[in-house]
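The values are calculated or read from the model by the stated rules, or taken from the named source; none is laboratory data. Please read these numbers as outputs of a predicted model, since none were measured by experiment. All Cβ positions, even for glycine, are placed from backbone atoms using ideal geometry, and neighbour counts span all protein chains on display. In case anyone asks, the SASA skips ligands and DNA or RNA and just uses the protein heavy atoms, side chains included. Shrake-Rupley method; radii C 1.70, N 1.55, O 1.52, S 1.80 Å.
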Amino acid sequence: MFQGKKILLGISGSIAAYKSILLVRLLIKSGAAVKVVMTPAAQDFVTPLTLSTLSRNPVLTELFTEGSWSNHVMLGRWADLMLIAPLSCNTLAKMAGGHCDNMLLATWLSATCPVVVAPAMDEDMWHHPSTRANLQKLESYGNLVVPAENGELASGLYGDGRMAEPETILQFLQDHFFLKKDLEGKQVLVTAGPTHEPLDPVRFIGNHSSGKMGVAIAEELAARGAMVKLVMGPGSVTTARPGITVQQVQTALEMYEACMAAFPKVDIAVMSAAVADYTPTTRATEKIKKTADTFTIELAKTRDILQSLGNQKHNGQVLVGFALETTNERDYALNKLKSKHADLIVLNSLNDEGAGFGHDTNKITIFEKDGNEIAYPRKPKQQVAKDIVDRIVNMLYA
Ligand code: CTP
């Protein structure tokens, strides 16, 4: 993920400094070169020895050592990115005021690379107007702030101000600096989740789709610069990620109408929703009472959204469909590719372990209109989303 990137990690004095150890490990594991600079207070929480061992580089703590001067300017120039995590309230205030009384501050002041900070403090400090003002000042200098999270705090209280988890910080770095923005300016429509077809005010016909795969695709598209409209059935997940506008729908008809309205303006459409194929022909206005021994429901076919979009697709638009099958998977997928005028069909077979509804993993095969057929191993849905978006991008710019 960070292969060949040079990351300078600044650690200031906060109990969250223990998470910096994990941060260094994750950065090194993902291919980055890491150097660490610490404030004097940070050394009360974690030792330079631990961090130099993990980062495989000496850790800088002092501006002057035994009559010699540490070159903070070159350190700032060495880095592709400086990350200060945790950023304590005290170091934040010093940065906002331009103070320079330790090695971390001197390095930050002379860094020419982008800077990201991950604050960590107790809730009352986090919400204090001076902290708000100091963070705003840092942002006005161009520094990016990884939002602090809500959770258990060093005080034993529960609230805002907890430093983001190392994995979240890494994701933030990747999204902001190291991810190709290859979909900048592109408009995308994504459907996700199940649909619910009402029988009466309390019952519906639905399916087990959670919406996880569609949400993961929408998030990957947004991370790569696209503006995403996510038409979402009543699944168990959602997203608040910037770049994604969520429109909640219930029924196949509502999803159809939302998609038909959005489709003419988009460059890409990904139909990952598990849309009901049939809907009750009548919807009782009152709850259906248990009277007869048998009960028959008449169903009518819903409109096929993918098919409708395929029929009106214009040049340059990339249309992606899904096929969830239990038998003759390959034949059905190829048939859907052709008959629905899709550019790409993502097949997942319910016969594969860890694939399909509800799981956090998926195992897919992609069929493309020019005959490519790519089978992937089982992966987390976020990774699967990357694979799908890679193929979409490839097709968009082919
Ligand atoms: N789809 C759709 N509108 C529908 C039904 C399905 O847009 N009313 C889309 C799904 O979002 C998916 C693709 O069509 O991208 C395939 O869905 P699937 O249920 O596997 O196939 P169907 O076309 O419904 O065919 P069948 O159920 O016979 O396999």
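Quick check on residue 306: is it in a helix (DSSP H, G or I), under 20 Å from residue 276 (Cβ atoms) and either in the same structural domain as residue 220 (by TED's automatic domain parsing) or at pLDDT 90 or above (or both)?
So residue 306 passes the test.
Picking from 46, 73, which residue would you name as being at pLDDT below 95 and in contact with a helix residue (DSSP H, G or I) (Cβ under 6 Å, 6 or more places away or on another chain)?
One residue alone meets the criteria, 73.
Looking at (1) within 13 Å of the ligand (Cβ to nearest atom); (2) part of a strand (DSSP E or B); (3) crowded, with 18+ Cβ neighbours inside 10 Å; (4) not aromatic (Phe, Trp, Tyr), can you tell me which one residue 336 breaks?
The failed condition is (2).
Take the residues in the range 318-332 that are farther than 16 Å from residue 391 by Cα and either among the aromatic types (Phe, Trp, Tyr) or more than 28 Å from the chain's Cα centre (by Cα) (or both), then tell me which one is nearest to the ligand (Cβ to nearest atom).
Among those residues, the one meeting the criterion is 332.
I need every pair where a residue in the range 1-24 that is assigned to a helix (DSSP H, G or I) has its Cβ under 7 Å from the Cβ of a residue that is of a type in the set (Ser, Thr, Tyr) and open to solvent by 10 Å² or more (accessible area, probe 1.4 Å), sequence separation at least 6 or different chains.
Close Cβ pairs (under 7 Å, with a partner that is of a type in the set (Ser, Thr, Tyr) and open to solvent by 10 Å² or more (accessible area, probe 1.4 Å)) amount to 21/50.
Spot the failing condition for residue 354; the list is (1) away from the ligand (no atom under 13 Å from the Cβ); (2) open to solvent by 20 Å² or more (accessible area, probe 1.4 Å); (3) at pLDDT below 95, and only one is missed.
Status for residue 354: all satisfied but (2).
Going by the structure shown, is residue 167 under 17 Å from residue 241 (Cβ atoms), open to solvent by 10 Å² or more (accessible area, probe 1.4 Å), assigned by TED's automatic domain parsing to the domain that holds residue 381 and out of contact with any strand residue (DSSP E or B) (no Cβ under 6 Å at 6 or more places or on another chain)?
no
May I ask you to list pairs of residues, at least six apart or on different chains, whose Cβ atoms are under 8 Å apart, with the first in the range 101-125 being over 22 Å from residue 166 (Cα atoms) and open to solvent by 10 Å² or more (accessible area, probe 1.4 Å) and the second being outside any loop (DSSP other than H, G, I, E, B) and at pLDDT 95 or above?
What qualifies is 101/94; 111/8; 111/82.
Just one of the numbered conditions (1) buried (at least 21 other Cβ atoms within 10 Å of the Cβ); (2) farther than 29 Å from residue 175 by Cβ is not true of residue 12; which one?
(2)
Would you say residue 214 is in the same structural domain as residue 299 (by TED's automatic domain parsing) and either modelled with pLDDT of 95 or more or touching a His at 6+ places or on another chain (Cβ under 8 Å) (or both)?
yes
For residue 273, state whether it is more than 14 Å from the ligand (Cβ to nearest atom) and small (Gly, Ala, Ser).
Considered against the rule, which asks whether it is more than 14 Å from the ligand (Cβ to nearest atom) and small (Gly, Ala, Ser), residue 273 comes out as no.
Take the conditions surrounded by 13 or more Cβ atoms within 10 Å (Cβ to Cβ) and not aliphatic (A, V, I, L, M) and apply them to residue 331. Does it pass?
Answer is no for this residue.
Please determine whether any residue of the range 271-279 is more than 20 Å from residue 336 (Cβ to Cβ), out of contact with any His (no Cβ under 9 Å at 6 or more places or on another chain) and not in a helix (DSSP H, G or I).
Yes; the residues of the range 271-279 include at least one that is more than 20 Å from residue 336 (Cβ to Cβ), out of contact with any His (no Cβ under 9 Å at 6 or more places or on another chain) and not in a helix (DSSP H, G or I).
If I ask for residues that are open to solvent by 100 Å² or more (accessible area, probe 1.4 Å), touching a residue at least 12 places away in the same chain (Cβ under 8 Å) and more than 9 Å from the ligand (Cβ to nearest atom), which ones from the range 283-317 would you list?
Selection gives 283, 285, 286, 287, 298, 311.
Which residue pairs have Cβ atoms under 6 Å apart, sit 6 or more places apart or on different chains, and have a first residue in the range 177-203 that is more than 23 Å from residue 237 (Cβ to Cβ) and open to solvent by less than 30 Å² (accessible area, probe 1.4 Å) and a second that is in a strand (DSSP E or B) and at pLDDT 95 or above?
These pairs meet every condition: 199/280.
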